[in-house]
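Since the structure comes first, as structure tokens, the remarks are kept for the end.
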Amino acid sequence: ATVMAELRHALRAFAQEGHDAVTILRLLNGVLQRYHDDQTCTMCLMTLDPRTGSLHVANAGHLSPLYITKDTTRYGAGGGVLLGFPVDRVAIEETTIPPGGTVVLITDGLIEDRGISLTENLERLRTVAAVVDDDLERFSDRVIAEFGYREDDVAFIAIRRDP
């Protein structure tokens, strides 16, 4: 928890300095390697232009975003090496969110279960999230409730581009 708090503060500082998402992840990787060389973490940073729907995703080993439109529900490209490794590569994905489209980001705490494959729960999430409620809070609560009690902490972020 202490390391994550340090990384959150560093992320805010690097963002305030005006760095782009890829640079922020590289800088955070340097912080982690320098001060906590026995730790790793995943992180996904997104930049969305609400006018055009242009979405830039920089991913360091985190679960892929889930993209939901009226016609499709699919995971992004994902990838990237976790922060904490001596690698300077960051997975980059460029896509466009159409009007009315929704993007969902989660932590692994929502979908990790002993005895159930990660692939199976990712598909379960994709299926359950395919229909987005008008109210995003209700949508989020419904999807999280589908997975029941969780032993790990859960973060669920849903962003919809105005139609």
Original post:
So how strong a dipole does the chain carry about its Cα centre when Lys and Arg Cβ are +1 and Asp and Glu Cβ are -1, to the nearest 20 debye?
Top reply: 300 debye
Subject >> Calculated log₁₀ intensity ratio I(q)/I(0) where the Debye formula runs over C-alpha points of segment 1-55, q = 0.27, 0.30 Å⁻¹ >> reply: -1.13, -1.28
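Between exposed GluC sites (Glu not before Pro) in the chain, where DSSP calls loop and at most 11 other Cβ atoms lie within 10 Å, what's the longest gap? Kindly include the intermediate steps, with their values, before the conclusion.
Values: sites that count: 17, 151.
With a cap of 11 other Cβ atoms within 10 Å, the longest stretch comes to 18-150.
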Original post:
Once Lys and Arg get +1 and Asp and Glu get -1 on their Cβ, which of 56, 24, 42 lies farthest toward the positive end of the dipole of segment 18-87?
Top reply: 56
Original post:
Along the principal axes of its C-alpha atoms, what lengths does segment 34-163 span, in descending order and rounded to whole Å?
Top reply: 45, 38, 21
**OP:** Would you mind classifying segment 75-149 by shape? Square roots of the alpha carbon gyration tensor eigenvalues, ordered a ≥ b ≥ c; an a/c under 1.5 is rounded, otherwise it is prolate if a/b is larger than b/c and oblate if not.
**Re:** oblate
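Tally up the carbon and sulfur contribution to the accessible surface of the chain as a whole percent, 1.4 Å probe, everything protein left in place.
The nonpolar share, carbon plus sulfur, comes to 52 percent.
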**OP:** Assuming a ≥ b ≥ c are the square roots of the Cα gyration tensor eigenvalues, decide whether segment 111-163 counts as rounded (a/c under 1.5), prolate (otherwise, with a/b larger than b/c) or oblate.
**Re:** prolate
**OP:** Let me know the shape class of segment 93-134, please: from the alpha-carbon gyration tensor, a ≥ b ≥ c as square roots of the eigenvalues, rounded when a/c is under 1.5, otherwise prolate if a/b is greater than b/c, or oblate.
**Re:** prolate
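The values are calculated or read from the model by the stated rules, or taken from the named source; none is laboratory data. Since the model is a prediction, treat every value here as computed from it, not as a measurement. Reconstructed Cβ throughout: ideal geometry from the backbone, glycine too, with neighbour counts over all protein chains shown. Side chains included, ligands, DNA and RNA excluded: accessible areas come from the protein's heavy atoms. Shrake-Rupley method; radii C 1.70, N 1.55, O 1.52, S 1.80 Å.
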